[in-house]
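Participant: Could you have a look at this structure, given as structure tokens, before my questions?
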Amino acid sequence: MQVEKFSYDNQIVKQFMIAAVTFAIVGMLVGLIIAVQLYVPDLNLGIQYITYGRIRPLHTNAVIFAFVGNIIFAGIYYSLQRVCKTRMWNDNLSQFHFWGWQLIILAAAISLPLGITTSKEYAELEWPIDLMIAIVWLSFGANMFGTIIKRREKHIYVAVWFYIATFVTITVLHVVNSIEIPVGLFKSYSVYAGVQDALVQWWYGHNAVAFFLTTPYLGLMYYFLPKAANRPVYSYRLSILHFWALIFLYIWAGPHHLLYSALPDWAQSLGTVFSIMLIAPSWGGMLNGLLTLRGAWDRVRDNPILKFMVVAVTAYGMATFEGPMLSLKSVNAISHFTDWTIAHVHVGALGWNGMLSFGILYWMVPKMWGTELYSKKLANSHFWISTLGIVFYAVPMYWSGIAQSLMWKQFTPLGVLQYPNFLETTLQIIPMHIIRSFGGLLYFLGMFMLVYNLMKTAKNGKFIKNEDAEAAPYEKDSDKLKRGTIHRWLEKRPVKFALLSLVVVLIGGLVEIVPTFLIKSNIPTIAAVKPYSPLELQGRDIYIREGCVSCHSQLVRPFRSETERYGEYSKAGEYVYDHPFLWGSKRTGPDLARVGKKYPNVWHYLHLEDPRQMSPGSIMPRYPWLLTQTLDVSTTPAKINAMRTLGVPYEKDYENFANQDLEKQANEITKDLINNGIPAESDKDIIALIAYLQRLGADIKVNQAIIK
Amino acid sequence: MLSEHISRIEGIAVYPIISLIVFSILFAAAIVWVFRLDKKYLARMENLPLDTNFDNNPEGIKFQNNSEIKNEIEK
């Protein structure tokens, strides 16, 4: 048989690696800054562009899509060529993918601090960037399938299945969650409202974690862990089961509990069973990874790469056990809205994604530069400082999450809240936040050890831009193996394989998505709930721009501890005009669903100017720019039109005199402020924000007053 | 709050049942499937990422199975 000579493209891998490490440092630095801002609120130096609400999404987007994203691409471009025994399909497409992705990151890094955001978590980028993501993502998919189709190896290795599932599912998630109506170039409204928007967003959010942070990394684990251990994977059978069970269950088991919890008992139990079932494939994968090291455990002691990988796989096991536990209602009642969630995601992010990335980088760089790692000792130090960093990060966060939650729920023997002032519970956990940022600092410092070590390694060797290889061409009839033909048939056909993966994923998707679309007609409208006035609508967009949703929820849960603190629990009908929903996922500050009319206008004015004037010790940043920036009312007609398109019942032609109403309402608020000794001006941002805050929950309060 | 409205959707209870049945069938099929796989094929796939030259060694197998790894360890 004639052997063909060809070469692997290492250049593209190198580019993605450099981008990944660079953005890891940037993303972690931003993370460190926001962690410190939580106890030094003036760390934004009075600059709006680096205030917590604006740069918290910058941190999450940078570490997820810039750091982890670039590592995924580097790892896939390295391993896919080698298991397919061919060069990437098209070098130009590889370059287009690389530069396109970096351009998206640049656009995110500029737009998020400017307050250009949709406010939907991990999908904050506005519609022009959403379109760029779609194009670049498809170019990656085309390149991957092109490579798989022209491969020389007949069979498709399990790692590649995970890559295919990643591509297929992320495409579906991104498209469904990003359907929005543009209002100008930098602003759009989600087509979904309220409860429906929440369901779509968390279907996306949960599965973005599953198919961006998990499945591609499992693919990388199945390639790089056997390489680093020089052992075949423990069980190929288990990897097949792992794959199909995981992609089937993941897409809907996680949020399943959210959907069906008030169904009859048997259905509830079934929902819980499904969530718990996800532990099985997750742990199957973890054990498959760890057992790959059978007989090589002695090498873990002196091989830093294996150390990183063992901690990564262990962290994966811990996070995937914790996830289903958090989906139990009784646990969720305590964990939701607290630092517990932050601890959970960082065990996954720092442990699983970070540590596996470092292991892969330490393995790939010497190979690609044809040399040995510059310093094992330094890599070992990096391992220890990162591991300690994770401990110092996660433990205080668990502690503070549980402590704060219990304080929120604590009643005195007389039956009143023991800590009625929310701030008291915030101040209690500040020491934990200080320790957490120390843990983050340790992890961050480790990055510089990695950079130094890898740069020295590269200097010692010579970069192999095109790595020579040879393999026999793929002949259709050379398969002499007879049994187990169905799966072999399937995996020789990547396109059909991708379609089947899509079907499997969609079964789960449909189970959740169909009720999501049916629910719109099942939400009773509450007569007292009216669309936002033009000024309130503008105020709401300022609330979105400033990222208030990062720290304030708008969802009172039906617990006595919450109705006592905030008022009547939230009803689905209250959110029917909320494009997008602003429920939030974290209560760093109190819930705002019922804050309307609770305080006078002047309180909000002074509180936004400097929160510590009204609440001594508050950790909320100051927003002095809201007092001086002029509200842009030129967008009002377009916003009213867009909302009407989405079904919000504004009267015909209302857009033509909406700004008159806006001015009228602004003047009323300003007059009230002036009467209270505040030299306010009616055309400033703060007036619109106050109007919005005073509206929150007010409809229901009016309703109750009428009933009484 | 959510579940209250979801439970009003007609025939909603059938969703989890369909899911469970579909999943059970798929899972059972997958188990049968993997245990019917050819051992040589499995060994070849397991060795795919490792640097083995399949062309000189048609089976392309560096480690035949787990017992061989065990033997290697004992050596």
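None of the figures in this text is laboratory data; all of them are computed from the coordinates on show. A quick note: this is a predicted structure, and the numbers were derived from the prediction, not measured. Cβ sites come from the backbone with ideal geometry, for glycine too, and all protein chains shown count toward neighbours.
Participant: If I model a spin label as a point 7 Å beyond the Cα along the Cα-Cβ vector, how far apart are those points for A:Trp99 and A:Leu185 in nm?
Facilitator: 2.1
Participant: Please average, across the residues of B:17-29, the number of beta carbons from any other chain that are within 10 Å of each residue's own beta carbon, and give a whole number.
Facilitator: Numbers: counts 3, 3, 13, 4, 0, 5, 9, 0, 0, 5, 8, 0, 2.
Mean partner-chain Cβ count within 10 Å for B:17-29: 4.
Participant: Using amide H atoms built 1.01 Å from N in the peptide plane, name the residues 5+ places from A:Phe411, or on other chains, whose amide H lies under 5 Å from its own.
Facilitator: It is A:Gln418, by chain and number.
Participant: Could you work out the helix-only [θ] at 222 nm for the protein assembly as shown, with each DSSP H run of four or more residues adding -39,500 (n - 2.57) and the total divided by the number of residues, to the nearest 500 deg cm²/dmol?
Facilitator: Numbers: 34 runs with 495 residues, N = 783.
Per the formula, -20500 deg cm²/dmol.
Participant: Going 7 Å from the Cα of A:Asn676 along its beta-carbon direction, which residues of the stretch A:587-605 have the amide nitrogen within less than 16 Å of the resulting point?
Facilitator: Answer for the stretch A:587-605: A:595-605.
Participant: For the stretch A:1-146, what relative contact order do you get, as a whole percent, if you take Cα pairs closer than 8 Å and at least 6 residues apart?
Facilitator: On the way: 153 pairs, mean separation 44.3, N = 146.
Averaging sequence separation for qualifying contacts and normalising by length gives 30 percent for the stretch A:1-146.
Participant: What number, in percent, do you get for the relative contact order of the stretch A:356-488 if the mean sequence gap of Cα pairs under 8 Å and at least 6 apart is divided by its residue count?
Facilitator: Values: 115 pairs, mean separation 54.4, N = 133.
Once normalised by length, the contact order is 41 percent.
Participant: If you take the beta carbon distance between A:Trp297 and A:Met318 as r and set R0 to 22 Å, what does 1/(1 + (r/R0)^6) give as a FRET efficiency, to the nearest 0.05?
Facilitator: Numbers: r = 19 Å, r/R0 = 0.88.
E(calc), rounded to 0.05, equals 0.70.
Participant: Also: May I have the convex hull volume per residue, in Å³, for the Cα set of the stretch A:37-170?
Facilitator: Details: hull volume 14.6 nm³, N = 134.
Convex hull volume per residue, Cα atoms: 109 Å³.
Participant: Could you size up the charge dipole of the stretch A:75-139 around its Cα centre, putting +1 on the beta carbon of Lys and Arg and -1 on that of Asp and Glu, and report it in debye to the nearest 20? Could the numbers behind the result be given before it?
Facilitator: Numbers: 4 positive and 5 negative charges, 91 e Å.
The dipole magnitude comes to about 440 debye.
Participant: Further question: To one decimal place, what Kirkwood hydrodynamic radius in Å is obtained for the protein assembly as shown from all pairs of distinct Cα atoms?
Facilitator: The Cα-based Kirkwood calculation yields 27.9 Å.
Participant: Under the definition of partner shielding as Cβ atoms of other protein chains within 10 Å of a residue Cβ, what is the mean value for peptide A:241-250? Working shown, then result.
Facilitator: Numbers: counts 5, 0, 1, 6, 5, 0, 0, 6, 3, 0.
So the per-residue partner count for this stretch is 3.
Participant: Only Cα pairs under 8 Å and at least 6 apart count here; give the relative contact order of chain A as a rounded whole percent. Working shown, then result.
Facilitator: Details: 1082 pairs, mean separation 123.9, N = 708.
That works out to 18 percent.
Participant: Between A:Tyr474 and A:Leu287, what is 0.36 nm times their sequence separation minus the Cα-Cα distance? Round to one decimal in nm.
Facilitator: On the way: separation 187, 0.36 × 187 = 67.32 nm, distance 3.31 nm.
Computed gain between A:Tyr474 and A:Leu287 is 64.0 nm.
Participant: OK, next. When Cβ neighbours within 10 Å are restricted to other protein chains, what is their mean count per residue of peptide B:34-43? Please report the intermediate quantities before stating the final value.
Facilitator: On the way: counts 10, 2, 5, 10, 7, 3, 4, 10, 7, 2.
Averaged over the peptide's residues, the number is 6.
Participant: Express in % the proportion of alpha carbon pairs of the stretch A:1-59 at distances exceeding 12 Å.
Facilitator: Working: 1249 of 1711 pairs.
Of all Cα-Cα pairs in the stretch A:1-59, 73 percent lie more than 12 Å apart.
Participant: Using a 7 Å offset from the Cα along the Cα-to-Cβ direction at both A:Ile464 and A:Thr412, what is the distance between the two label points in nm, to one decimal?
Facilitator: The two pseudo-label positions are separated by 7.4 nm.
Participant: Then there's this: Packing-wise, with mean Cβ within 10 Å as the measure, how do A:204-211, A:25-32, A:663-670 rank, highest first?
Facilitator: Numbers: A:204-211: 22.2, A:25-32: 20.1, A:663-670: 17.9.
My ranking of the peptides, most packed first, is A:204-211, A:25-32, A:663-670.
Participant: Moving on. Which of A:Lys409/A:Lys671; A:Lys187/A:Lys329; A:Lys5/A:Lys459; A:Lys409/A:Lys571 have a Cα-Cα distance over 31 Å? Let's see the in-between values first.
Facilitator: On the way: A:Lys409/A:Lys671 40 Å; A:Lys187/A:Lys329 36 Å; A:Lys5/A:Lys459 29 Å; A:Lys409/A:Lys571 21 Å.
Pairs exceeding the cut-off: A:Lys409/A:Lys671; A:Lys187/A:Lys329.
Participant: In addition: State the Cα centre-to-centre distance between the stretch A:79-99 and the stretch A:136-183 in whole Å.
Facilitator: Rounded to whole Å, the Cα centres lie 13 Å apart.
Participant: Would you work out the Kirkwood radius for the stretch A:322-416? I mean one over the mean of 1/r across all pairs of different Cα atoms, in Å. Walk me through the numbers on the way to the answer.
Facilitator: Numbers: mean 1/r = 0.0625 Å⁻¹.
Value: 16.0 Å, from the Cα pair sum.
Participant: Can you tell which of A:Leu631, A:Gly219, A:Thr51 lies farthest toward the positive end of the dipole of chain A, using +1 and -1 charges on the Cβ of basic and acidic side chains (Lys, Arg; Asp, Glu)?
Facilitator: A:Gly219
Participant: How long is the gain from A:Lys664 to A:Val3 if the chain were fully straight, where each residue apart is worth 0.36 nm and the alpha carbon distance is subtracted?
Facilitator: Details: separation 661, 0.36 × 661 = 237.96 nm, distance 8.09 nm.
This chain segment gains 229.9 nm when fully extended.
Participant: Right, next: I want to make sure I understand the PRE zone here: with the label point 7 angstrom from the Cα of A:Thr645 toward its beta carbon, which residues in the stretch A:123-154 have backbone N atoms less than 14 Å away?
Facilitator: Zone members listed by number: A:127-128.
Participant: May I pose another question? Give me the number: length gained by fully extending A:Glu424 to A:Asp653, i.e. 0.36 nm times residue separation minus the C-alpha to C-alpha distance, one decimal in nm.
Facilitator: On the way: separation 229, 0.36 × 229 = 82.44 nm, distance 4.88 nm.
The A:Glu424-A:Asp653 span can extend by a further 77.6 nm.
Participant: Determine one quarter of the surface area of the Cα convex hull of the stretch A:539-589, which equals its mean projected area, and express it in nm² to one decimal.
Facilitator: On the way: hull surface 15.4 nm².
Taking the Cα atoms of the stretch A:539-589, their convex hull projects to 3.9 nm² on average.
Participant: On to the next question. Please give me, ordered by residue number, the trypsin sites (Lys or Arg not before Pro) of the stretch A:275-339 that lie in loop per DSSP and have at most 15 other Cβ atoms within 10 Å. List each step's numbers first, then the result.
Facilitator: On the way: sites: A:Arg294, A:Arg299, A:Arg301, A:Lys307, A:Lys329; in loops: A:Arg294.
Listed in order of number, the matching sites are A:Arg294.
Participant: How far apart, in nm, are the 7 Å Cα→Cβ label points at A:Val175 and A:Trp603?
Facilitator: The modelled label-to-label distance comes out at 4.9 nm.
Participant: If you don't mind, another one. Using +1 on the beta carbon of Lys and Arg, -1 on that of Asp and Glu, and nothing else charged, what's the dipole of the stretch A:131-236 about the Cα centre, debye to 20?
Facilitator: Roughly 580 debye, rounded to the nearest 20.
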